[in-house]
Structures are given as C-alpha cells and as structure tokens.
Amino acid sequence: FQTFSPKRLFTPIKDNEFWIRFTVPGKKTKATVRGFGAVFVGVDLEKVTKMTAYDINDCVIASEYVEAKRNGLSFLGFYFEKPIIARVAIELGNFEIDAKNYCGYRCDEDIVVLDDFLYGEPQSIFG
C-alpha cells in the first residue's frame, strides 16, 4: 500500500475504533478545535471507514465516510469557523490489524491505518 509518511503509521491494536479527545497542550483542561483531518491508508471498501466529530455536549456535528482509494491515500477533514470540535471518533475499516484469521479484500475485510493527523490549536472550553 502507499504511504504519505511511512514511519508514522497509526492504528489501535486489537480494535478498529478509537476516540480523540482534545485538551489544552500541557494541561488536562478540556478543549475544542476548529478543524480536524486525517490521512487514511488502505481504504478499499466504500461506506466502511468513518469519522465523526462531536461538540462539548456530545452532539454529532459532522459525520462522513472516507472515500475508498484502493492502494492509495484518502483524506477526510472537518472545519468550522469557531472551535467547536471536542472529540473525534474514527472507525478504521471493518477488521482490526491484529486479526489472526484475516482473509483480505476478497472476503470484504478492510484493514485501514492512519498516516497523519491535522488539527487546529486546542482552545480551552472555559474561555
């Protein structure tokens, strides 16, 4: 598969879903950002890999499937005028990378990893 920055690939182990919660750098203070994006590697199946953004009240503010690009790179990002993204949920394909019985694309299994994250500077939710 193709990579954007080969030494910086990321995926959770034994799971294909994870959350990103924003905090003020160097502190544990909850924060929000204006935008968040990610480079996805190995998205082979349509409507499987998904990213969802939530506000501080846990309401969905954006949710999209990542465009499939077999053996290529896909990008998905959300941007808002104000910093309202408090957390992001990412579902990478439909099979975790630690799978022992991986069959592959021919069995409708899609293992996806992340290459890079881009996001705005976290802003404290307390102003």
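If you scan region 55-84, which residues turn out to be closer than 17 Å to PHE22 by Cβ, part of a strand (DSSP E or B) and in contact with a Lys or Arg (Cβ under 7 Å, 6 or more places away or on another chain)?
Matches in region 55-84: TYR79 only.
Please find, within region 8-44, the residue that is modelled with the highest pLDDT out of those that are more than 25 Å from GLU121 (Cβ to Cβ) and outside any loop (DSSP other than H, G, I, E, B).
The selected residue is GLU17.
For ASP58, which of the numbered conditions (1) within 20 Å of ILE111 (Cβ to Cβ); (2) at pLDDT 95 or above; (3) surrounded by fewer than 17 Cβ atoms within 10 Å (Cβ to Cβ) fails to hold?
In the conditions (1) within 20 Å of ILE111 (Cβ to Cβ); (2) at pLDDT 95 or above; (3) surrounded by fewer than 17 Cβ atoms within 10 Å (Cβ to Cβ), ASP58 misses (1) alone.
Looking at region 13-55 only, could you name the residues that are under 27 Å from LYS82 (Cα atoms), in contact with an Asp or Glu (Cβ under 9 Å, 6 or more places away or on another chain) and open to solvent by 90 Å² or more (accessible area, probe 1.4 Å)?
Within region 13-55, GLU17, ARG34 meet the criteria.
Quick one: would you say ASP58 is at positive phi and of a type in the set (Asp, Glu)?
Criteria met by ASP58.
Looking at region 73-113 only, could you name the residues that are modelled with pLDDT under 90, over 12 Å from LEU45 (Cα atoms) and not polar (S, T, N, Q)?
GLU96, ILE97, ASP98, ALA99, LYS100, TYR102, CYS103, VAL113
Any chance you could count how many residues in region 62-79 are more than 15 Å from the chain's Cα centre (by Cα) and either open to solvent by less than 50 Å² (accessible area, probe 1.4 Å) or without any contact (Cβ under 8 Å) to a residue 24 or more places away in the chain (or both)?
Total meeting the criteria: 1.
The values are calculated or read from the model by the stated rules, or taken from the named source; none is laboratory data. All values reported here derive from a predicted model rather than from experimental measurement. Glycine also receives a Cβ, built like all others from the backbone with ideal geometry; neighbour counts cover every protein chain displayed. The area values use the complete protein model at the heavy-atom level, side chains included, leaving out ligands, DNA and RNA. Shrake-Rupley method; radii C 1.70, N 1.55, O 1.52, S 1.80 Å.
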